[in-house]
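To start, the structure itself, in structure tokens.
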There are 2 protein chains.
Amino acid sequence: MFSQTVEYALRVVVHLAEHAPHPRTTEQLAEATLVPKAYLSKVIQGLARQGVVRSQRGVGGGVSLVKSPDELSILEVVNAVEPIRRIRTCPLGLTAHGVRLCPLHRRLDNALAGVEEAFDSTTLAEVLAEPTSSSPLCRVPKPLPSKK
Amino acid sequence: MFSQTVEYALRVVVHLAEHAPHPRTTEQLAEATLVPKAYLSKVIQGLARQGVVRSQRGVGGGVSLVKSPDELSILEVVNAVEPIRRIRTCPLGLTAHGVRLCPLHRRLDNALAGVEEAFDSTTLAEVLAEPTSSSPLCRVPKPLPSKK
DNA sequence: TCAAAATTGGATACACACATCCAGTTTCCC
DNA sequence: GGGAAACTGGATGTGTGTATCCAATTTTGA
């Protein structure tokens with residue numbers, strides 16, 4: 001239902017939010033989120049184009065959030081990489097009967113609206129503040145102490 | 001969010017429900033739902049494998065619903081062609097901290113649960129019975145009187 | 001100024017969703 | 001039995017999502 005890229009993007013921003021406002025390198029993010037580094041750089045480029053993150057080259061550079069975690073919603077992140085497309089006109093391409101959706105497509109759109117609403121009303125800060133035994137991102141203390 | 005195949009499958013079963021319990025040929029379904037005929041036959045094969053529809057060869061044959069419209073939910077149709085996969089374990093593949101989801105993935109799964117619930121609680125009969133000016137399927141009286 | 005750190009962009013590869021076509025098979029009905 | 005109706009299955013084609021690699025570029029700090 002949600003693409004792999006959306007999953008990756010969310011992991012990244014959650015991790016960035018944990019360390020906000022300090023930048024993290026793609027290398028660090030890849031290790032922390034278990035996302036393939038080469039692909040992660042593409043995902044980050046997308047997030048940067050949409051203004052969700054900012055990236056800085058050179059020594060001491062890296063990726064950081066543009067907004068603070070309490071101003072950034074899950075929806076903004078999702079929409080940056082793969083926008084939730086609400087059903088606004090008849091998918092059969094029939095303009096013959098105006099803008100009203102038929103019962104089937106109205107129900108599908110209602111489901112999309114529910115997801116959109118849930119994502120819109122949740123900030124990254126809320127995800128981090130969640131009172132729970134599990135840490136955000138399902139992270140374990142030290143996953144892979146193998147390379148470098 | 002929902003694949004093209006899901007959209008096609010739903011159009012087909014709605015149309016079948018309108019004519020239940022009489023079978024419709026793939027040709028008729030393709031014209032009514034504006035789904036490419038060749039691809040539609042593949043979608044129907046999938047629905048048949050999952051027991052949602054039954055297909056009968058030969059003269060007078062065609063495709064018909066296995067259940068009556070008031071016993072068939074949208075969820076059953078969706079799950080037949082592209083199952084909604086709830087998030088039950090940590091997507092990072094970390095089994096280290098049991099079955100509890102982290103705050104991020106619990107929210108994603110909650111969104112999936114909302115969709116699942118909405119689809120599960122709606123039968124095809126309810127879609128057809130909807131009191132509205134738009135007919136189900138966004139159908140117009142005579143779309144394409146061109147071929148044959 | 002130069003080397004190292006770090007992102008950027010292009011080229012490439014692979015699998016899967018979407019789509020088409022057609023020969024083969026089943027079934028009905030005359 | 002035979003022909004027409006109708007689905008089945010396999011082969012094939014195309015576009016997109018996921019993923020990798022590397023040369024080029026930018027930036028910092030010594």
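Points to keep in mind about this one:
- Residue ID - nearest to residue B:110 (Cα to Cα), chosen from residues in region A:42-62 that are under 12 Å from the mean Cα position of the chain (by Cα) and either among the polar types (S, T, N, Q) or not in a helix (DSSP H, G or I) (or both): A:52
- Scanning region B:1-58 for residues that are more than 14 Å from chain A (Cβ to nearest Cβ) and of a type in the set (Asp, Glu) yields one hit, B:27.
- Within region B:33-50, the set of residues being more than 11 Å from DNA strand C (Cβ to nearest atom) and either in contact with a Lys or Arg (Cβ under 6 Å, 6 or more places away or on another chain) or over 16 Å from residue B:23 (Cβ atoms) (or both) comprises B:33, B:49, B:50.
- Filter result for residue B:57 (of a type in the set (Lys, Arg) and more than 16 Å from DNA strand C (Cβ to nearest atom)): no
- Lone unmet requirement of (1) at pLDDT 95 or above; (2) closer than 21 Å to residue B:87 by Cβ; (3) in contact with a helix residue (DSSP H, G or I) (Cβ under 7 Å, 6 or more places away or on another chain) for residue A:1: (1)
So that you can scan it fast, the table gives a plain yes or no per residue for (1) closer than 12 Å to residue B:12 by Cα; (2) within 14 Å of DNA strand D (Cβ to nearest atom); (3) in a loop (DSSP other than H, G, I, E, B); (4) without any contact (Cβ under 8 Å) to a residue 24 or more places away in the chain:
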position	(1), (2), (3), (4)
B:40	yes, yes, no, no
B:64	yes, yes, no, no
B:68	no, no, yes, no
B:85	no, yes, yes, no
B:101	no, no, yes, yes
B:112	no, no, no, no
B:116	no, no, no, no
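- Residue in region B:1-9 that is more than 12 Å from the chain's Cα centre (by Cα) and within 13 Å of DNA strand D (Cβ to nearest atom) present: yes
- Those residues of region B:6-22 which are under 22 Å from residue B:59 (Cα atoms) and either of a type in the set (A, V, I, L, M) or within 11 Å of DNA strand C (Cβ to nearest atom) (or both), in sequence order: B:12, B:13, B:16, B:17, B:20
- Any hit, region B:2-10, residues being among the charged types (D, E, K, R) and either without any contact (Cβ under 8 Å) to a residue 24 or more places away in the chain or not in a helix (DSSP H, G or I) (or both): yes
- Qualifying positions in region A:42-68 - surrounded by fewer than 15 Cβ atoms within 10 Å (Cβ to Cβ) and of a type in the set (Gly, Ala, Ser): A:51, A:58, A:60, A:61, A:68
- Residue list for region A:51-71, filter: under 12 Å from residue A:20 (Cα atoms) and touching a Gly at 6+ places or on another chain (Cβ under 7 Å): A:66
- Looking only at region B:52-62, and only at residues there that are within 12 Å of DNA strand D (Cβ to nearest atom) and not polar (S, T, N, Q), the one that is nearest to residue B:3 (Cα to Cα): B:53
- Scan of region B:120-148 for residues that are modelled with pLDDT of 90 or more and either assigned to a loop (DSSP other than H, G, I, E, B) or at the interface with chain A (Cβ under 7 Å from one of its Cβ atoms) (or both), ordered by number: B:121, B:122, B:127
- Residue in region B:70-82 that is among the hydrophobic types (A, V, I, L, M, F, W, C), under 10 Å from the mean Cα position of the chain (by Cα), within 14 Å of chain A (Cβ to nearest Cβ) and within 11 Å of DNA strand C (Cβ to nearest atom) present: yes
- None of B:31, B:7, B:27 is in contact with a Pro (Cβ under 7 Å, 6 or more places away or on another chain) and not hydroxyl-bearing (Ser, Thr, Tyr) except B:7.
- All positions within region B:11-32 that are within 19 Å of residue B:73 (Cα to Cα) and assigned to a helix (DSSP H, G or I): B:11, B:12, B:13, B:14, B:15, B:16, B:17, B:18, B:19
The values are calculated or read from the model by the stated rules, or taken from the named source; none is laboratory data. Quick caveat, the model's predicted, so the values are computed rather than measured. Note: ideal-geometry Cβ built from the backbone for every residue, glycine included; neighbour counts use all protein chains shown.
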